[in-house]
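The values are calculated or read from the model by the stated rules, or taken from the named source; none is laboratory data. Fair warning: this is a prediction, and the values are worked out from it, not measured in the lab. In this analysis, Cβ positions are derived from the backbone assuming ideal geometry, glycine residues included, and neighbour counts consider all displayed protein chains. The accessibility values were calculated without ligands, DNA or RNA, using every heavy atom of the protein model including side chains. Shrake-Rupley method; radii C 1.70, N 1.55, O 1.52, S 1.80 Å.
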Amino acid sequence: MRGLFEHLPDRRRKSWKILYFLLPFGLAALTLLLRRPLLCVTQRLPACPFYRMTGLYCPGCGNTRSLRALLNGDILLSLRCNILPLVLLAAVILLYAEWGALLFGGKPRRLLPRSARFWVPFGVLILLYWIGRNFFPLPPMPLSPG
């Protein structure tokens, strides 16, 4: 990874740097433009088959409600529905910061852990979260019309 951008000519490296700065604004604008269609699509998704058959939440149960809450700007409701979309968003932000460190000539930084010493306990915590939300369910969450 160290030499990923070093071999590029200055003009092309500058283009990558401009892209790096414009990417968050472009994604934010795209999200705002597609907010209503995304909310409409999330209203029409079928119910979770695992939940319908067993009455238990699967690890993905609540992801749609969580995404809807994020699109409506309600982070706390998003966390209450399911924490995994926000965990994924945090991982993407860390990878984006790693790319920036590499692009701007700094030492390659590993902000997102890559060792099993992190991911195995993380997986155990996600498993405990999944089990815990079935034994200690929160009151039903409103489905905001968006």
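Output the number of the condition that ALA116 fails; it satisfies all remaining conditions of (1) modelled with pLDDT of 90 or more; (2) small (Gly, Ala, Ser); (3) closer than 28 Å to LEU22 by Cβ.
So ALA116 meets the others, but not (3).
Restricting attention to region 18-33, report how many residues are among the hydroxyl-bearing types (Ser, Thr, Tyr) and open to solvent by less than 50 Å² (accessible area, probe 1.4 Å). Please lay out each step first, then the result.
Taking region 18-33 as the starting set, the residues that turn out to be among the hydroxyl-bearing types (Ser, Thr, Tyr) are 20, 31.
Filter once more, keeping what is open to solvent by less than 50 Å² (accessible area, probe 1.4 Å): 20.
The number of residues fulfilling the criteria is 1.
Given the condition β-branched (Val, Ile, Thr), farther than 24 Å from LEU111 by Cα and not in a loop (DSSP other than H, G, I, E, B), answer yes or no: does some residue in region 16-35 qualify?
The answer is yes, given that some residue of region 16-35 is β-branched (Val, Ile, Thr), farther than 24 Å from LEU111 by Cα and not in a loop (DSSP other than H, G, I, E, B).
Among the residues of region 34-44, which ones are among the polar types (S, T, N, Q) and open to solvent by 80 Å² or more (accessible area, probe 1.4 Å)?
Residues of region 34-44 among the polar types (S, T, N, Q): 42-43.
Residue satisfying the conditions is GLN43 alone.
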